[in-house]
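Visitor: Take a look at the following structure, please.
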Amino acid sequence: MRKKIFFRKLVQLLFFCCMLLTSLGTFAQSSITIKGQVVDETTNEPLIGVSILEKGTNNGIITDIDGNFSLQASLNSTIVISYIGYVTQEIPSTM
C-alpha cells in the first residue's frame with residue numbers, strides 16, 4: 001500500500017516538473033513587433049497591399065491604405081517584403 005502511494009506521488013511530481021519545464025520554454029522564445037511604412041522610392045507614395053512575411057513561416061500581413069504595417073515576429077528572423085512590379089527585399093529583424 002505504501003509503495004503505491006509513493007509511486008503515485010512520484011509520478012505526480014514528475015508530471016509537475018515536466019509541465020513547469022515546458023512552460024519555461026515558451027517564455028524563452030522572444031518576439032518583437034516590427035512596425036513601418038512602405039513607400040515608393042521615386043514618388044514617395046505609400047504602397048497599399050504590400051506583403052510583409054516572416055521568412056520560413058506563415059506569419060505575415062499586408063500594408064494598409066497608408067502603407068503602414070505592424071508584424072509580431074521572432075527575434076532573429078528575416079522579414080520578406082514583396083509587391084508586384086517591385087524587387088523583393090529580405091531584411092533581418094535584428095537591424
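The values are calculated or read from the model by the stated rules, or taken from the named source; none is laboratory data. The structure displayed is predicted, hence computed values, not measured ones. Ideal geometry is used to build each Cβ from the backbone, glycine not excepted, and the neighbour counts take in all protein chains shown. What goes into the accessible areas is simple: the full protein's heavy atoms, side chains included, and nothing from ligands, DNA or RNA. Shrake-Rupley method; radii C 1.70, N 1.55, O 1.52, S 1.80 Å.
Visitor: May I ask you to list the residues in the range 40-61 that are surrounded by 14 or more Cβ atoms within 10 Å (Cβ to Cβ), of a type outside the set (S, T, N, Q) and within 20 Å of the chain's Cα centre (by Cα)?
Guide: Hits for the range 40-61 are 50, 52, 53, 54, 55, 60, 61.
Visitor: Out of the residues in the range 62-85 that are touching a residue at least 12 places away in the same chain (Cβ under 8 Å) and open to solvent by 90 Å² or more (accessible area, probe 1.4 Å), which is nearest to residue 40 (Cα to Cα)?
Guide: Ranking the candidates gives 65 first.
Visitor: Applying the selection to the range 38-95, what residues are part of a strand (DSSP E or B) and β-branched (Val, Ile, Thr)?
Guide: Across the range 38-95, the qualifying residues are 39, 52, 61, 62, 78, 79, 80, 81, 91.
Visitor: In the range 11-39, which residues are at pLDDT 90 or above and open to solvent by 70 Å² or more (accessible area, probe 1.4 Å)?
Guide: 33, 35, 37
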